[in-house]
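The values are calculated or read from the model by the stated rules, or taken from the named source; none is laboratory data. Keep in mind that this is a model prediction, so the values were computed, not measured. Cβ: placed from backbone, ideal geometry, glycine included. Neighbour counts: every protein chain shown.
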Amino acid sequence: MKEMDGVLVVIQARYNSTRLPGKALYPLGGRPMLAYLLERLGGGPWRLCLATTEGPEDDALAAWGHALGVPVVRGEGEDVLARYVRCLDAHGAVAVVRVTGDNPLTCPELVTLAARAVCAGADYAALPTGCPVGLGADAFAAPVLRRLAREAAPGPEREHINLHVLNNPGRYSVAVPTLPPACQRGDLRFTVDTSRDHQALARFVSACPGGRVPLGLQDIVRLHG
C-alpha cells in the first residue's frame, strides 16, 4: 500500500519494566514476547523500528531486533519521547505509530487504521473506542511528535508520549477510529502487565489453531469468545 510508505512503526521496549521486569523476553509461542511482536508486525507495508535504551540490560532486546532485521535505535531510559524523536531523525516518516512491547498481539489492521487517520490529516490517532486492551495502536503526525518533544513537561508527559495531547484538548486534532460493533470488546485483555497476564496470554496463544494467533481483530475476538 503506497500510503504506508511514509509510516514508521516504533516498538518501544525495555528490560527494566516497573511492573514486570524482563517481560519483553518472557516466552510466548516458543520465542520471546518481543520477537513474537516484531515478527507479527514485520510483514506490514510500513517500516519498523525498535526503540530501546542505551543500558546494558537492553542489549538482549537490541540483539533480537538486529537478528530479525529490524533497525534498532537506543536512547534515554526515562525519556521515551526523546527515543521516538531519535527514531524519526534516523528513519524519517510522515506518521509515527506507537506500539509497546507489552502488547505482543498488536493487530496489523489496527496499526493501519491509526496510520491512515494521521495520513488523512489528524495530528493524533487515538485507540478506537472499545478496542480490546493490547491489540490496538495510536499514531502521531511527524511534526506533532517533534512539537511534543519541545513542549511536553518533564516526567509523565515524556514517558507517556500521548499525555501532552490529552492534557491540552483543542490544541491538536484527534481522530478516534471506529471498530465494527462486534469488535468493540474493551473487556478483553491481551496486554502483559503481570505474571498472571503473561500466563493467560500464553494459554490463549497455545490454544489457537497451530499455536498461531490470527492477524485479524475479528478472528482474535471470535477465538477468545
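Looking only at residues of region 172-211 that are more than 21 Å from R40 (Cβ to Cβ) and among the β-branched types (V, I, T), we find that the one that is surrounded by the most Cβ atoms within 10 Å (Cβ to Cβ) is V174. Scanning region 1-25 for residues that are buried (at least 23 other Cβ atoms within 10 Å of the Cβ) and more than 20 Å from A67 (Cα to Cα) yields a count of 1. Out of A51, A24, A90, A82, which single residue is aliphatic (A, V, I, L, M) and out of contact with any Gly (no Cβ under 9 Å at 6 or more places or on another chain)? After applying the criteria, what remains is A90. All of G43, G69 fail the test of being among the small types (G, A, S) and under 26 Å from P128 (Cβ atoms), apart from G43. For P214, the test of being within 16 Å of C107 (Cα to Cα) and either crowded, with 18+ Cβ neighbours inside 10 Å or among the hydroxyl-bearing types (S, T, Y) (or both) is failed. Among the candidates A82, A122, the residue that is within 23 Å of A24 (Cα to Cα) and in contact with a strand residue (DSSP E or B) (Cβ under 8 Å, 6 or more places away or on another chain) is uniquely A82.
Looking across L61, L88, one residue alone is among the aliphatic types (A, V, I, L, M), modelled with pLDDT of 95 or more, farther than 20 Å from P143 by Cβ and out of contact with any Pro (no Cβ under 8 Å at 6 or more places or on another chain). It is L61. Looking at this structure, is T100 closer than 24 Å to H198 by Cα, touching an Asp or Glu at 6+ places or on another chain (Cβ under 8 Å), surrounded by fewer than 24 Cβ atoms within 10 Å (Cβ to Cβ) and among the β-branched types (V, I, T)? It is false that T100 is closer than 24 Å to H198 by Cα, touching an Asp or Glu at 6+ places or on another chain (Cβ under 8 Å), surrounded by fewer than 24 Cβ atoms within 10 Å (Cβ to Cβ) and among the β-branched types (V, I, T). T53 satisfies every condition listed in (1) more than 20 Å from D138 (Cα to Cα); (2) of a type in the set (V, I, T); (3) out of contact with any Phe, Trp or Tyr (no Cβ under 9 Å at 6 or more places or on another chain) except (3). Counting residues in region 116-129 that are aromatic (F, W, Y), more than 29 Å from H198 (Cβ to Cβ) and in a strand (DSSP E or B) gives one or more.
Scanning region 147-183 for residues that are of a type in the set (S, T, N, Q), more than 19 Å from the chain's Cα centre (by Cα) and in a loop (DSSP other than H, G, I, E, B) returns N168, S173.
What are the residues in region 26-74 that are surrounded by 18 or more Cβ atoms within 10 Å (Cβ to Cβ), among the hydrophobic types (A, V, I, L, M, F, W, C) and not in a strand (DSSP E or B), if any? Within region 26-74, M33, L34, A35, L37, L38, L41, W46, L61, A62, W64, V70 meet the criteria.
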